[in-house]
Structure formats: C-alpha cells, structure tokens
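See below for the structure under consideration.
Values quoted throughout were computed directly from the atomic coordinates according to the rules given, and no laboratory measurement underlies them. Please read these numbers as outputs of a predicted model, since none were measured by experiment. Please note: Cβ atoms are built from the backbone with ideal geometry, for glycine as well, and neighbour counts cover all protein chains shown.
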C-alpha cells in the first residue's frame, strides 16, 4: 500500500509539473520521497539477502531521481520513477532496468 501511494504521488506530481504548478508538484514529490525513504528504512538487509540489497539500490536510486526532478521540474525523471502498469516492474531508468517503459 505504501508503494502504491508513492506511485500515485509521482503520477500526480507529473501532472502538476505539466500545469506548471510547482508548489503542488514539490509537495507530491516530497510525499513520494518520504514513502520510499520509509521503505528503505524498514529493509532488513540481514534477513532479506540479495532481494533486500537490490531493493536498497532501487530505493536509493528512486530517491535520487525524485530529488533531481524537484530541482529540474522535468518530466523524464518522474516518468522513470513511475510504475509501468503493463508489467510488474519498477521503471527507474532504462540504463539500469531493461524492459521498462518510462512515461517520457
């Protein structure tokens, strides 16, 4: 449920960026970032093994991209941090996670 909330906030932020409503887009991006930070915080790296380590890298990357879009107000990083509904993959950058389609 947290993850779904982050996806919704990212999608809404992208719409607000398109409307040039940067105050609201920042608020939404901040909420998404806080959710991902919480997901990162609760990872159990000892018990989670490789899956937890991969999630840690994924969450760290997503946080960086969300920070980037907060400063640049560009679509590309937002699309790369969104979920592709046609697959169960997280799209965080085509260079790192092949097979994803970001909304660009």
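Below is a table of values for the structure above.
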read-out	value
Packing-based ranking, highest mean first, of 35-41, 17-23, 46-52 given that Cβ atoms within 10 Å are counted	35-41, 17-23, 46-52
Extension gain (nm, one decimal) between residue 72 and residue 19, 0.36 nm per residue minus Cα-Cα	17.6 nm
Of every Cα-Cα pair in segment 1-59, the percent that sits beyond 13 Å	62 percent
